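**Q** Before anything else, here's the structure in question.
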Amino acid sequence: MSTDAIVLLREDHKGIRRLFRAFEAAGPDAKATRHNLVDKIVEALTVHTYLENEVMYPRVRQLLPELESEILESYEEHHVADVLCTELDGMGPDDERFDAKATVLIESVGHHIEEEESDWFPRVRAGLGRKELQEIGARMIEVRATAPRRPHQPGAIRKAADAIFS
């Protein structure tokens, strides 16, 4: 398995996109399936945004200060995803806004992933050496083991509070 940070994040993106497609493919009457998929989406995004916010973004911000505005935008996009994940985590599939909220989350995160993969990742790869990306990736693997899985867990709550109050 690669420890390249960008490779690891792209793998996360693939898994998240698979979950999005499965949610979209499940018909509106498949409430239990859609609820189960949202549960998996919330977990995947909670872990993924935690890794980016706690490991990837701070290190890239330190090493490539010219990318600061893009990183700040990403923090804000994560904040929106965190809020939606927190709300969805407390909802059931019969809630009238459940599907709408999940759809907005999917659209928002899909846009974020597209920007990262088409613009930000190539710039980070060009600016950082292979060794640095592998070190960041190794740290991400280490942090993933203890990363919050649900929005209400302490690390996720602190991350959301930092976004709100910083």
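What follows draws every value from the coordinates through simple rules; no lab data is involved. All of these numbers come straight from a predicted model, not from anything done at the bench. Cβ placement follows ideal geometry from the backbone for every residue including glycine, while neighbour counts extend to all protein chains displayed.
**Q** Which aspartates and glutamates have a Cα lying under 16 Å from the Cα of LYS14, excluding residues fewer than 8 positions away in the same chain?
**A** Excluding near neighbours in sequence, the set is ASP4, GLU24, GLU43, GLU52, GLU107, GLU114, GLU115, GLU116, GLU117.
**Q** Along Cα→Cβ, 7 Å out, is where each label goes; now give me the distance between the ones at ALA26 and VAL7 in nm to one decimal.
**A** 3.2 nm
**Q** Quick one, which of [x] 18.2, 58; [y] 15.9, 49; [z] 14.9, 43 is the actual Rg and Dmax of the Cα atoms in Å calculated for this model?
**A** Of the labelled values, this structure produces [y].
**Q** Just in the stretch 80-119: which GluC sites (Glu not before Pro) are loop by DSSP and have at most 14 other Cβ atoms within 10 Å? Mind dumping the intermediate values first?
**A** Details: sites: GLU87, GLU96, GLU107, GLU114, GLU115, GLU116, GLU117; in loops: GLU96.
Answer by residue number: GLU96.
**Q** Which whole-angstrom value gives the distance between the alpha carbon centres of the stretch 41-91 and the stretch 10-25?
**A** Comparing the Cα centres of the stretch 41-91 and the stretch 10-25, I get a distance of 17 Å.
**Q** Right, here's the next one. Take peptides 29-35, 80-86 and line them up by average Cβ neighbours within 10 Å, highest first, as a rough protection proxy.
**A** On the way: 29-35: 14.4, 80-86: 20.0.
Packing order, densest peptide first, comes out as 80-86, 29-35.
**Q** Using helices alone, I'd like the mean residue ellipticity at 222 nm for the chain: each DSSP H run of four-plus residues gives -39500 (n - 2.57), total over residue count, nearest 500.
**A** Working: 8 runs with 123 residues, N = 166.
That calculation yields -24500 deg cm²/dmol at 222 nm.
**Q** While we're here: Under 10 Å, Cα contacts only: if you run a Gaussian network model on the chain, which one of SER118, SER74, SER108 comes out with the highest mean-square fluctuation?
**A** Most flexible of the set in this elastic network: SER118.
**Q** Order 37-49, 54-66, 4-16 from most to least packed using the mean count of other Cβ atoms within 10 Å. Please list the in-between numbers first.
**A** Numbers: 37-49: 21.4, 54-66: 16.2, 4-16: 18.1.
Highest-to-lowest ranking by the protection proxy: 37-49, 4-16, 54-66.
**Q** Which trypsin sites (Lys or Arg not before Pro) does the stretch 90-136 hold that lie in a coil by DSSP with at most 16 other beta carbons within 10 Å?
**A** Working: sites: ARG97, LYS101, ARG123, ARG125, ARG130, LYS131; in loops: ARG97.
In loop regions of the stretch 90-136 (DSSP not H, G, I, E or B), the sparsely surrounded trypsin sites (Lys or Arg not before Pro) are ARG97.
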